[in-house]
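Written out below as structure tokens is the structure these notes cover.
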Amino acid sequence: MTKIIGLTGGIGSGKTTVANEFSYLGIPVYITDLEARKLMQSDFVLNQIRAEFGDLVFDKEILLREKLSEIVFNDEKRLAKLNGIVHPAVKKHFREWLLDHKNNPFVIYESAILFESGGYKECDFVINVVAPIEIRIQRVIKRDKTTREKVLERIKNQLNDEEKSSKSDFVINNTSMEAIKQEIVKILNFLRIKQMNS
């Protein structure tokens, strides 16, 4: 039975770096944000978004993601509506993806909102990636060409590191690439031993 390893962490913590390292080691990785974006191009999801948010968030048939983000960012009810459309589609897609990887002992399920979305309930183990707040802020400013204020706003909308870590089985301190590699080796060794004994 394939074990699902949840991978999460706050914005700018370095989840993608950790996910890429698992992938490099031959472990299949499912990046929810990436797959959600693809699914938001499907007619099934687009029709539901149009029904809920109207033509305002479309330019003919093209979804205006920025416009949609503006609407839901400070409106919890609208955000919940959008999540109610996207999350079930991602969940269904992940289940299909999992069937394609059923011969693997482990897969990584990466999600920034693993706890907030309830996705952690599907996981056998959870890894939280943490990094010093200042480093996270600088990373996101550089990556997204955004402002400090906007990054802090996004951080405020996520569960903090302490809450995530307390609910996780493993914590990776992203201080250097070397540290990440060492932590991943430890985690994989633990999981393989656990599997051999189960």
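Brief remarks follow.
- Karplus-derived HN-Hα couplings along the stretch 20-28 (A = 6.51, B = -1.76, C = 1.60, θ = phi - 60°), whole Hz, x at Gly and Pro: 5, 5, 4, 4, 4, 7, x, 9, x
- Percent of beta bridges antiparallel (DSSP, the stretch 3-193, rounded to nearest 5): 10
- P(r) weight above 30 Å for the chain, C-alpha pairs, percent: 25
- Gain on full extension, evaluated as 0.36 nm per residue between LEU152 and ARG50 minus their Cα-Cα distance, stands at 33.7 nm.
- FRET efficiency estimate (nearest 0.05) - Cβ-Cβ, ARG143 to ASN74, R0 25 angstrom: 0.65
- Distance between the stretch 64-78 and the stretch 29-54 - C-alpha centres, whole angstrom: 14
- In the chain, taking the dipole from charged Cβ atoms about the Cα centre, the farthest positive-side position among LEU152, LEU39, ILE187 is held by ILE187.
- The chain: most fluctuating residue of ILE62, ILE49, ILE180 per GNM, C-alpha cutoff 10 Å: ILE62
- With the charge dipole of the stretch 85-198 set up from +1 on Lys and Arg Cβ and -1 on Asp and Glu Cβ about the Cα centre, the Cα lying farthest toward the positive end among the listed residues TYR120, PRO88, ASN173 is that of PRO88.
- Magnitude of the charge dipole, the chain, Cβ model with Lys/Arg +1 and Asp/Glu -1, debye to 20: 200
- On Cα atoms only, tilt of 43-53 relative to the major axis of the chain in degrees: 60
Values in this text are rule-based calculations from the coordinates and carry no lab data. Just so it is clear, the model here is predicted, and its values are computed rather than measured. A quick note on method: Cβ atoms are made from the backbone with ideal geometry, for glycine too, and the neighbour counts reach across all protein chains shown.
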